[in-house]
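To start, the structure itself, in structure tokens.
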Amino acid sequence: MTTEIEIAGVKWKNPVTVGSGTFGSGMEYGEFVDLSRLGAVTTKGVANIPWPGNPTPRVTEVYGGMLNAIGLQNPGIDVFCERDLKFLEDYDTRVIVNVCGKSIQDYVDVVERLADEKRVDMLEINVSCPNVKEGAIAFGQKTEALTEITKEIKKHAKQPVIMKLSPNVTDIAEMARAAEAAGADAISLINTITGMKIDINKRTFALANKTGGMSGPAIKPVAVRMVYQAAQAVKIPIIGMGGISTAEDALEFILAGATAVSVGAANFINPYATIEVIEGIEDYMRRNNVEDTKELIGAVK
């Protein structure tokens, strides 16, 4: 039995990674999870300069999940390379660096800086964060903008490029096709769904940003549907995410057409979630006489 998968020529030992922003860069979960057991570690978004993020409060619980408006707070690419990438050198796992920016040049600066970093196996381009007012929201919601930024990043990237798509669009298949046509090596979806919560007693917004990105179990049916639609529209690999808490959740995404999956918000309530998902997939394969994980990709009837 093998759980190995391949995305854009990069082999993973199993199809499980983590949602960007839910796992730090691995260091924060090191005492709970043997990072070498993961198919890949996907880092929190990194920009060309340090970002302070949004004002607080920026996280609130909602039924079936949470809203966050962190605003992509990060220490910048220099600290990231010196601290986080160096830490990851000790682990036998693939490293996917999530890249964010407010302009195309911002993204290109980071992509060029990472081009010769041997510890970076793949790039995930965050063009769909709903919490940043500039840049990302426009790139992720218009096919023309998505096409432009994908083409430009591909000119400068030495690692395979994964474009992370927003669910806050009219037609996810159209966005997937645009990313593929522009040269993306893979796509990941879904990013969070834009939501809002109001404190009725204070009569104020629960988040200082007013809106935030919703994640957690409640968004899973939407995410599975979008992954299925994208898989019908493109030939490039898909990393599925959105509300995955268990192996059963992960297998839904794989059967819908995802080659790999990301565990996100579940890490906040169960730091062992990723390992449980990996072991659960293996158990499912044994019980159902599945020799190779690849047999399950898109196998829904």
Report task. Name the single residue, out of those in the stretch 58-93 being in contact with a Pro (Cβ under 7 Å, 6 or more places away or on another chain) and touching a residue at least 60 places away in the same chain (Cβ under 8 Å), that is surrounded by the fewest Cβ atoms within 10 Å (Cβ to Cβ). Result -> 64
Query raised in the report: Is it fair to say residue 166 is crowded, with 17+ Cβ neighbours inside 10 Å and at pLDDT below 95?
Result: yes
Query raised in the report: Of all residues in the stretch 94-110, which are more than 21 Å from residue 8 (Cα to Cα) and surrounded by fewer than 24 Cβ atoms within 10 Å (Cβ to Cβ)?
Result: 102, 103, 104, 105, 106, 109
Report summary line: Exception for residue 201 within (1) part of a loop (DSSP other than H, G, I, E, B); (2) touching an Asp or Glu at 6+ places or on another chain (Cβ under 9 Å) falls at (2)
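Please give the strands (runs of 3 or more DSSP E) falling wholly within the stretch 53-105 in which 2 or more residues are closer than 22 Å to residue 262 by Cβ and touching a Phe, Trp or Tyr at 6+ places or on another chain (Cβ under 7 Å).
On the way: elements: 59-62, 65-68, 94-99.
Correct list: 94-99.
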Query raised in the report: Just one of the numbered conditions (1) within 26 Å of residue 297 (Cβ to Cβ); (2) out of contact with any Ser or Thr (no Cβ under 8 Å at 6 or more places or on another chain); (3) loosely packed, with under 15 Cβ neighbours inside 10 Å is not true of residue 32; which one?
Result: (1)
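Conditions tested, residue by residue: (1) part of a loop (DSSP other than H, G, I, E, B); (2) buried (at least 24 other Cβ atoms within 10 Å of the Cβ); (3) of a type in the set (Lys, Arg); (4) at pLDDT 90 or above.
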| site | (1), (2), (3), (4) |
| --- | --- |
| 112 | no, no, no, yes |
| 116 | yes, no, no, yes |
| 131 | yes, no, no, no |
| 134 | yes, no, no, no |
| 137 | no, no, no, no |
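Closer than 16 Å to residue 162 by Cβ and buried (at least 24 other Cβ atoms within 10 Å of the Cβ) - does that describe any residue in the stretch 194-216?
The first filter runs over the stretch 194-216 and keeps only residues closer than 16 Å to residue 162 by Cβ, leaving none.
Scanning the stretch 194-216 turns up no residue that is closer than 16 Å to residue 162 by Cβ and buried (at least 24 other Cβ atoms within 10 Å of the Cβ).
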Requested in this report: Can you give me the ranges of the helices (runs of 4 or more DSSP H) entirely in the stretch 207-301 with at least 2 residues that are of a type in the set (Asp, Glu) and closer than 14 Å to residue 3 by Cα?
Outcome: 273-287
Query raised in the report: Only one residue in 173, 145 is in contact with a helix residue (DSSP H, G or I) (Cβ under 7 Å, 6 or more places away or on another chain), in contact (Cβ under 8 Å) with a residue 40 or more places away in the chain and not in a strand (DSSP E or B). Which one?
Result: 173
Query - Residue match in the stretch 182-190 (condition: farther than 26 Å from residue 120 by Cα and hydroxyl-bearing (Ser, Thr, Tyr)) - result: no
Query raised in the report: Can you find a residue in the stretch 279-288 that is among the polar types (S, T, N, Q), touching a residue at least 12 places away in the same chain (Cβ under 8 Å) and surrounded by fewer than 17 Cβ atoms within 10 Å (Cβ to Cβ)?
Result: no
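Each row is one residue, and each column tells you yes or no for (1) under 28 Å from residue 57 (Cα atoms); (2) among the small types (Gly, Ala, Ser); (3) surrounded by fewer than 24 Cβ atoms within 10 Å (Cβ to Cβ).
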residue: 228; (1), (2), (3): no, no, yes
residue: 232; (1), (2), (3): no, no, yes
residue: 240; (1), (2), (3): no, yes, no
residue: 247; (1), (2), (3): no, yes, yes
residue: 256; (1), (2), (3): no, yes, yes
residue: 260; (1), (2), (3): no, yes, no
Query raised in the report: Is it fair to say residue 153 is in a helix (DSSP H, G or I), modelled with pLDDT of 95 or more, under 18 Å from the mean Cα position of the chain (by Cα) and crowded, with 22+ Cβ neighbours inside 10 Å?
Result: yes
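The values are calculated or read from the model by the stated rules, or taken from the named source; none is laboratory data. In this text, all values refer to a predicted model and were calculated from it rather than measured experimentally. Heads up, the Cβs are rebuilt from the backbone with ideal geometry, glycines too, and the neighbour counts pull from every protein chain shown.
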